[in-house]
Structures are given as structure tokens and as C-alpha cells.
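Peer 1: Dumping the structure here so I can ask a few things about it.
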């Protein structure tokens, strides 16, 4: 009897581990360079952190004095979410990302309202957005496999305002962390990602 119980426990544990591995691995990773929104996706290279990037060579960031952030767009597929009420919140939420970008870039550059020469033009699009399910994230037992975890995918482009030359392109998927508090909010992980992505752009552009 003890042996049978041990086998059952071992089988269940193995199954849970397999489920965790299956759902928690890189299922949300970007498999290839994004297309459609970006200008130079074929020049992007996969990075060690799973993101995709393109950075023009020998960019002299000191020649730029201002920046303009275009309204952040949302890919059509994102708005076809399962929960219409939650999805309807996204247009308002992405405005927070625009504010984060403007805040981060303002550490060095002057914020302007249009694209002009010597201005860095930043365009961004939310490609995917899966909300958290807070009810599933209350206890460790219900977090198995990350079934209640959300994730988001962004694409960002920085170009020169005068001639439109692309200086930087970035694509990234940010998954909810098991030990984060953001998973207790429907869009908490997405909003945290906004700060991470804004800091990434600011760092590349020499504004951090």
C-alpha cells in the first residue's frame, strides 16, 4: 500500500512539474523578428534576454536635442480579447506607457509635439496583451503552470525626425513573474512592463 501511495504521489508530482515546464517556459517568446509595424525588422537580431533589437552603427546621440513620442498604438488582434470589459481598458492604459516614455526621455531631451530635424521620434505598438487572473494567483497551489499569469509584447522604433532614418528597433515579451505582486492586478504586469521598456529606450538613447 505504501509503495502504491508513493507511486501515485510521484506520478502527480511529475505531472505537475511537466505542466509547469510546459506552460512556464518560453511559450510567449518571440520566435522571429516582428513584421508590419517596424521599418527594418530584417536587421533585428535576437538577444540573450529573448528580445530582438537593431541598433544603427555609430549613432551620435549628442546631435539630438529633443524627442517626440507618437501616440502608442494597439495591434488589432489585441482588442479581440476574451474579456471585452478588460480589453476596453487598454486604450487608456497604453497612455501610461506614453507618459513613461516621455518621463524617461525628458531626463536629457526636450519634449516637443512634432517630428523635426534633430528630434528623436519614438513609435511604439502593443502587439499582444494577456491580463492576469488574480483569482488564480492568490495561493501557490493555484499558480501551478502560471495559468493565471499574463504577458505583453511590445515593438518600439526610434528614428530621426528630419529624414526618418531608423536608429533603434526593439521587440520584447515580458511575462508575469511568479514572485511579483503585480500578478494580483489584472493589468499590473503590463503596467510594470511599461516602466521597464521606457527605461530601455532611454538607456539606448543616452537619456538615463
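One line per residue, one yes/no per condition, for (1) crowded, with 16+ Cβ neighbours inside 10 Å; (2) closer than 20 Å to residue 116 by Cα; (3) free of Cβ contacts under 8 Å to residues at least 24 places away in the same chain:
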| position | (1), (2), (3) |
| --- | --- |
| 46 | no, no, yes |
| 52 | yes, no, no |
| 58 | no, no, yes |
| 63 | no, yes, no |
| 72 | yes, yes, no |
| 98 | yes, yes, no |
| 103 | no, yes, no |
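Peer 1: Can you find even one residue in the range 50-60 that is in a loop (DSSP other than H, G, I, E, B), within 19 Å of the chain's Cα centre (by Cα) and at pLDDT 90 or above? Give the steps one after another, and end with the answer.
Peer 2: Here is the first cut: in the range 50-60, the ones in a loop (DSSP other than H, G, I, E, B) are 50-51, 56-60.
Then drop every residue that is not within 19 Å of the chain's Cα centre (by Cα), which leaves 50-51.
So of that shortlist, the ones also at pLDDT 90 or above come out as 50-51.
For the range 50-60, residues in a loop (DSSP other than H, G, I, E, B), within 19 Å of the chain's Cα centre (by Cα) and at pLDDT 90 or above: present.
The values are calculated or read from the model by the stated rules, or taken from the named source; none is laboratory data. Everything numeric here is computed off the predicted structure, so don't read it as measured data. Heads up, the Cβs are rebuilt from the backbone with ideal geometry, glycines too, and the neighbour counts pull from every protein chain shown.
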